[in-house]
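Bear in mind that the values in this text are calculations on the coordinates, not laboratory data. Predicted model only: the values in this text are computed from it and were never measured. Neighbour counts are summed over all protein chains in view; Cβ atoms, including those assigned to glycine, are modelled from backbone coordinates with ideal geometry.
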Amino acid sequence: MSNLFGRSYRVRMPRAISMSGVLLLFLSAAGITAPEEHTGPRLSVSQHVVTGGRGHAAAAETADEYEALVTAGSRDAKATRGAASKPGAATSAAPAARNDFWFFHADVVLFDDDDRDGYFHGINLLFDADTIYAAAKVYAVVYLSRDLGPWNEYGITENFWLHGASSDDEYVLVTELMSGYPRGDYDLLIELFDARDNSYLASFGPEDTSALGLLPLEDFRRDEPARVVVHRGGGGASGAWTIGFLLLMLVVTAVRRVWRHRNDEVMRIDSPAACWSDAPQRK
């Protein structure tokens with residue numbers, strides 16, 4: 001089974017004892033609760049590296065707050081900004097990209113898995129967009145989709161310049177998901193817009209590169225390691241009794257396993273079979 005700390009383990013207890021019951025008693029006494037699936041307003045904090053790529057100082061830091069994550073329905077159930085900006089387009093239609101702007105590449109480095117369960121709350125996104133023009137001022141909007149659900153905007157870049165097909169104009173958006181993102185596998189989508197008139201230019205997502213698909217994420221609130229809270233006062237005796245009971249059950253389990261091992265696999269010295277093994281065999 002999987003515990004709250006992200007490790008897999010299997011514990012054998014006497015048949016008369018329910019492991020789930022013991023765990024519930026222990027968690028209740030220790031004050032450990034499972035993360036809630038319910039999502040409220042989403043909050044994220046981002047640092048923006050406008051030029052120079054990873055390793056350079058951030059030019060700005062922003063906080064973005066959105067409504068609760070939308071997970072029900074198909075991926076096209078909620079229009080992105082690009083789809084909404086296409087004249088006459090239905091909300092389920094994908095926007096038409098222009099041929100004079102495109103994405104060269106994008107990749108993601110995930111960071112900060114405080115509870116070590118394989119799910120991170122930090123996203124380090126780098127992307128490089130190009131254009132046929134000598135220079136163009138643009139911005140990008142980024143989205144997350146949980147378990148193939150609708151796209152949800154989670155951040156927006158600063159305005160920045162593209163210089164033809166140069167690789168010196170890479171943009172890095174380093175985001176920490178603070179709240180509102182339950183544990184799951186997320187896909188990431190980038191949409192590029194003209195900074196002058198907000199017109200849609202191009203997009204890049206999991207269909208274009210696997211680097212933007214199946215990202216194991218959760219928010220900072222859910223990523224906090226479980227802590228044992230010692231209750232002082234009226235409930236202290238009950239908590240101490242529960243912990244002592246759990247320790248006693250573990251000791252009983254260990255003793256029982258040793259006893260089984262000795263009786264099932266080790267031949268006792270006073271066993272008749274042990275004497276017969278050295279006796280002359282009857283012909």
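Numbers below:
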{"item": "Chain lengthening between Ala134 and Leu250 when straightened (0.36 nm per residue, less Cα-Cα)", "result": "34.7 nm"}
{"item": "Overall Cα dimensions of the stretch 103-205 - principal axes, largest extent first, Å", "result": "47, 26, 19"}
{"item": "FRET E, pair Arg221, Trp241, Förster distance 41 Å, beta-carbon r, rounded to 0.05", "result": "0.85"}
{"item": "Global geometry of the stretch 42-217, whether rounded, prolate or oblate, following the gyration tensor of its Cα atoms and the 1.5 cut on a/c", "result": "oblate"}
{"item": "Calculated P(r) of the stretch 124-181 - Cα pairs past 18 Å, %", "result": "43 percent"}
{"item": "Tyr181 long-range amide H proximity, modeled H, under 5 Å", "result": "Asp219"}
{"item": "Cut-off 18 Å, label 7 Å out along Cα→Cβ of Leu214, residues of the stretch 112-142 by amide N", "result": "118-120"}
{"item": "Pairwise label distance in nanometres, Asp64 with Ala84, each label 7 Å out on the Cα-Cβ vector", "result": "1.3 nm"}
{"item": "Nonlocal amide H pairs with Leu110, under 5 Å, H built at 1.01 Å", "result": "Asn124"}
{"item": "Difference of contour (0.36 nm per residue) and Cα-Cα distance, Arg116 to Ser179", "result": "20.9 nm"}
{"item": "Contact order normalised by residue count of the stretch 42-217, Cα under 8 Å, 6+ apart, percent", "result": "28 percent"}
{"item": "Segment Arg54-Asp197, length gained on full extension (0.36 nm per residue, minus Cα span)", "result": "48.6 nm"}
